[in-house]
Amino acid sequence: MNEEKKAYDPKEAEARIYPEWEKSGLFNPDNHPKKDGKPFVILMPLPNVTGSLHMGHAFQITLTDALIRYRRLKGDTVAWLPGTDHAGIATQNVVEKELRKEGVSRFDLGREAFIARVWEWKEKYGGIIFGQLRTMGASCDWSRSRFTMDPAYAEAVMKAFVHYHEKGLLYRALRTVSWCVRCHTGISDLEVEHEEKDAVLYHIQYGPFVVATTRPETKFGDMALAVNPRDLRYADHIGKDVEIETLDTEGSLDEPRKKKDGLIVVGDEAADIAFGTGIIKVTPAHDIADYEISKRHSMPMLQVIDDRGKMMAVTGKYAGMKVAEARKKVVDDLRATGLLVKEEAYRHNVSVCSRCATPIEPLPSWQWFLKMGELAREAKDAVVTGKTRIIPENFQTTYFAWLENIRDWCVSRQLWWGHQLPVWFCENAQEEIRNSKKEIRNPNGDGRYVVALEKPGTCPFCKKCAMKRSEDVLDTWWSSALWPFAAMPEKDLERFYPSSVLITARDIINLWVGRMIFSGLEFKGAVPFPDVFIHATILTKDGRRMSKSLGTGIDPLTLVEKYGADALRFGIAWQAMGTQDVRWDETAVMAGKKFANKLWNAARFVAGRPGTGTAYDEAKLGSHDALVLQKLAAAKRAVEESLDKYEFGQAIHAAYDFFWKEYCDTYLEAAKAEPSSETDAVLRAVLRDSLMLLHPFMPFVTEAIWTDLPGTDGLLMGASW
RNA sequence: GCGCCCUUAGCUCAGUGGUAGAGCGUUUCAUUGACAUUGAAAAGGCCGAAGGUUCGAUCCCUUCAGGGCGCACCA
């Protein structure tokens, strides 16, 4: 320690110490002196390869590393397993955006070249976040890092697909699904978000009835009208055709005309007597609820909007218009022909793509679905029976709500970046479809395919074609669901599965945690972790969400630059009290910087005392000495108890209070007044233990002091609690 | 719409069935002595509102107000 340096210099220490830790090999449990302890394993929630460190990561890394370092000191065999997620849609979007700047689309490049481009991008930027995690002091076992598209990982992904297919849980179907016209893919229910927006509820004349709808432009795909069977106003019409007047799609855009048509009236509980006029126009191709009604009544469907969000040929003169434009025109024409009865201002939830916020366009398409019934039941049971605890408990509600209303998981995506499905189609069958007159939008719409890890040698259907691989890829969450075990060597699997606790954010409880739970049960016969700790979300000081697009984000790296990594970690842990959202307060980080300095200077004082090299004799202790030792023991207990309950804030408050008040302000001052060699020895011993108490939260400064403290050898991170 | 959570000092948050706590901020005093990134002290709160239970409530119950979140196929 440099005697002349009165202030702690985090930059110098951090730059020096992290490489020392890495060089020591202690991050890897196999090199750790305590490699035969009880395994303590944490799976890192996979950052996207598109990612760079944000406050959410910083929060999670701080808490996880605190626990990891604590358990390592306590003598467990600790493994914190890092990795990155290929993040299908997110990454594809980023690279497409980059291409757009060059004036090219992915279609200009073609699939192969585009994927090569994404890989290039991944190689260049995919590891950036790991460097940032190092800056934060994360003590991960980098030697065990995995990427969800590593060859071994890809193999596990493919095997899981084949497994579910053989078990009859995976099937292919033509369904109206949530579709993003911008990302150009179907997405799952969990990737749909709802935004409250102002809209207009149009009341439209349908023969003798009036129907209220927010989407008049889909009327060309109407297959029926639905009323509630208990609705006395309409009950007599159920099962009957009604003649209606509707817009004529022929002719010129300038001359709106009416024509006669017929629609059947069905009785269905989905129709809410109290809403609108109580009548639904059933448009199975463009509304998921309507699709479900259509299934119950065996109706056909007619697609009128295409996968780019444009009106299709069947809409005649409206063909080619974008949805918004078509809506406006259709409303004008309805008004001109007298079919528009009323317009009503209406505030409702609009479904948007969670990736790009584009309004969802429900469309019929061929997709693969994983049957959720049995898997969901098992996933629920795991939490009900306590095999996995969700902490805090009230997040169980989120989990159960999802599992109880769950629909089959749409796992296929019409993207290029991702795990291509191990599905092989008969080319001749596809050719037939292309030549047939039937309107089948997806050329994969034929049943002649094989699900297999390897491409079949001969086509079992036509015996001559080469067979063509499905162009779809898997939902990115399919591969992350396998994270607790995929591509893990057998030797590691024995020790590291199941892991000890998962520390993650609440927005992926269902997207990720739930899916890991049923995948773990399915493939390993055991839940992947006994505890799931859901940490708080960090908000801005005025209570808004931190978001890049709103410009409300705070960059943790800037804070590290300004105050040091320990200070940031301190500030985060200090505020991690309950699980209530945290309104970010930078003064806690400043307090952390001051505290690091306090530690540093206390150590300088102790180093300057003559008697610190020896052990103290308990018999010779004075009352101050005994008291500080007693307070230390209490603080130690408080830290242990708090960390065992994932109460990080409470833990660091206890350590802070002890060190600043009891040790520095009280004991150290008393030691100045009545110096003795026993006191010097106690000063040293208590400092040593304090460093250990604080190391999980402030690893750099404690390590820096430890190295120079008499009576310690090796690194603090490898020491014993 | 249903469900969950929050409301305590100027700010961000702890906390307990029985004189209210921390960090930061504010005020006063101390200064070459580990640290001014300091020490000592002080000011500052009818613990969101109204009822109820209780000998007693900031804490338990009910209702209300404000804020947040989750879920939902109201067209």
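Within the stretch A:292-311, the set of residues being open to solvent by 20 Å² or more (accessible area, probe 1.4 Å) and either over 21 Å from A:I244 (Cα atoms) or touching a strand residue (DSSP E or B) at 6+ places or on another chain (Cβ under 9 Å) (or both) comprises A:E292, A:K295, A:R296, A:H297, A:S298, A:M299, A:M301, A:Q303, A:D306, A:D307, A:R308, A:K310. I'd like the full set of residues that are outside any loop (DSSP other than H, G, I, E, B) and either open to solvent by less than 10 Å² (accessible area, probe 1.4 Å) or touching a Pro at 6+ places or on another chain (Cβ under 9 Å) (or both), limited to the stretch A:332-365. Scanning the stretch A:332-365 gives A:D332, A:D333, A:L334, A:R335, A:A336, A:L340, A:V350, A:S351, A:V352, A:C353, A:L363, A:P364. Which one is farthest from RNA strand B (Cβ to nearest atom), of the residues in the stretch A:175-214 that are among the charged types (D, E, K, R) and surrounded by fewer than 18 Cβ atoms within 10 Å (Cβ to Cβ)? Result: A:R182.
When the stretch A:393-433 is examined, which residues are found to be within 16 Å of RNA strand B (Cβ to nearest atom) and touching a strand residue (DSSP E or B) at 6+ places or on another chain (Cβ under 7 Å)?
Of everything in the stretch A:393-433, those that are within 16 Å of RNA strand B (Cβ to nearest atom) and touching a strand residue (DSSP E or B) at 6+ places or on another chain (Cβ under 7 Å) turn out to be A:F395, A:Q396, A:Y399, A:D408, A:W409, A:C410.
Take the conditions (1) under 24 Å from A:T707 (Cα atoms); (2) free of Cβ contacts under 8 Å to residues at least 12 places away in the same chain; A:Y18 misses just one of them, which is (2). No other residue among A:T135, A:T148 is away from RNA strand B (no atom under 16 Å from the Cβ) and over 21 Å from A:H419 (Cα atoms) apart from A:T135.
Yes or no, residue by residue, for (1) surrounded by fewer than 21 Cβ atoms within 10 Å (Cβ to Cβ); (2) under 30 Å from A:G608 (Cα atoms):
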| position | (1), (2) |
| --- | --- |
| A:Y8 | no, yes |
| A:P19 | yes, yes |
| A:N28 | yes, no |
| A:K38 | yes, no |
| A:L43 | no, no |
| A:P47 | no, no |
| A:L63 | no, no |
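The residues of the stretch A:68-81 that are surrounded by fewer than 24 Cβ atoms within 10 Å (Cβ to Cβ) and either outside any helix (DSSP H, G or I) or hydrophobic (A, V, I, L, M, F, W, C) (or both), listed by number, are A:L73, A:G75, A:D76, A:T77, A:L81. Going by the structure shown, is A:D507 within 15 Å of RNA strand B (Cβ to nearest atom), within 30 Å of A:A160 (Cβ to Cβ) and either of a type in the set (F, W, Y) or open to solvent by 20 Å² or more (accessible area, probe 1.4 Å) (or both)? Considered against the rule, which asks whether it is within 15 Å of RNA strand B (Cβ to nearest atom), within 30 Å of A:A160 (Cβ to Cβ) and either of a type in the set (F, W, Y) or open to solvent by 20 Å² or more (accessible area, probe 1.4 Å) (or both), A:D507 comes out as yes. Residue under question is A:F40, and the condition is that it be within 16 Å of RNA strand B (Cβ to nearest atom) and in contact with a strand residue (DSSP E or B) (Cβ under 6 Å, 6 or more places away or on another chain); does it hold? Considered against the rule, which asks whether it is within 16 Å of RNA strand B (Cβ to nearest atom) and in contact with a strand residue (DSSP E or B) (Cβ under 6 Å, 6 or more places away or on another chain), A:F40 comes out as no. Those helices (runs of 4 or more DSSP H) of the stretch A:598-707 in which 2 or more residues are surrounded by 22 or more Cβ atoms within 10 Å (Cβ to Cβ) occupy A:623-644, A:648-657, A:677-694. Would you mention how many residues in the stretch A:563-589 are near RNA strand B (Cβ under 6 Å from one of its atoms) and hydrophobic (A, V, I, L, M, F, W, C)? Residues in the stretch A:563-589 being near RNA strand B (Cβ under 6 Å from one of its atoms) and hydrophobic (A, V, I, L, M, F, W, C): 3 in total.
Look at (1) open to solvent by 10 Å² or more (accessible area, probe 1.4 Å); (2) away from RNA strand B (no atom under 16 Å from the Cβ); (3) not aliphatic (A, V, I, L, M) and you find that A:C140 fails only one, number (1).
Restricted to the stretch A:32-50, and to residues there that are closer than 11 Å to A:A79 by Cα and of a type outside the set (D, E, K, R), the residue that is modelled with the lowest pLDDT is A:H32.
When the criteria are applied in full, A:M692 meets the requirement of being more than 16 Å from RNA strand B (Cβ to nearest atom) and either touching a residue at least 60 places away in the same chain (Cβ under 8 Å) or within 20 Å of A:R569 (Cα to Cα) (or both). Only residues that are among the hydrophobic types (A, V, I, L, M, F, W, C), within 6 Å of RNA strand B (Cβ to nearest atom) and open to solvent by less than 40 Å² (accessible area, probe 1.4 Å) were counted in the stretch A:260-287, giving 1.
The values are calculated or read from the model by the stated rules, or taken from the named source; none is laboratory data. Source: prediction; values computed, not measured. Every residue, glycine among them, receives a Cβ derived from its backbone with ideal geometry; neighbour counts consider all protein chains shown. The area values use the complete protein model at the heavy-atom level, side chains included, leaving out ligands, DNA and RNA. Shrake-Rupley method; radii C 1.70, N 1.55, O 1.52, S 1.80 Å.
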